[in-house]
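Only the coordinates and a few stated rules stand behind these numbers; no lab work does. All values reported here derive from a predicted model rather than from experimental measurement.
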Amino acid sequence: MRGHEGRRGRSRWRLPPPGWRRTVALRRAAAALLVVVAAALLAAPGVTPPGTPVLVAVRDLAPGTALGPADVAVRPVPDELVPAGALAEPAAVAGRQVVGGVRAGEALTDVRLLGPAAAVAAAGVPDAAGVPVRLADAGVAVLLTPGTRVDLVAAGSPADAGATADEVPGEPAVLAAGAVVLAVLPAPERTAGAAPVVVVALPAGLAARVATVSLREEVTVTLR
């Protein structure tokens, strides 16, 4: 009986099969490798999806909105869908105002922001500039939207405004015909009762004339 029980005891403590130690070692090595990979993924920056980084609006933006960090984000866009003049740096647009309304998800380009590129695109001439004008009648500015074509008119001495010889002193003078409205900007909060500022795109020569006259005379517009 004792011999039989001894044999049964020895059978419960049989040696592991051949290759057991190697299997355990491989499993431990695989587990260690997984830990290392996981740590590397946590430490590494996020993997950028394929495409070109483009600045997009993260919410709907009203015309004239001054852009801030909460308004834009960088998103990858398929290369074939990247528009000309697309912007990619949030710092480059901080504080700049949009021309017209912008939808959430829309890519921001140079012509969507108030500046030389937008003026050139609107006026259709390479030397175009944007001219801010505060209209004599605040109610007129409400009728204007980006893209509207207007004639700028000054009431005063046409001779002082650079009038031609056939213009009569004291009569309204057309400073610029066919100007394109780029933006209608609200008056500063600290300026009570002030009219909004209308920014129009004009060729360089006319832009300088309008800017000079608007400093000393009231200016209004006629809609086309």
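Taking 0.36 nm per residue of separation and subtracting the current Cα-Cα distance, fully stretching the chain between R216 and R96 would add 40.5 nm. Remark: relative contact order (region 92-141) = 23 percent; criterion is Cα-Cα distance under 8 angstrom and separation of 6 or more residues.
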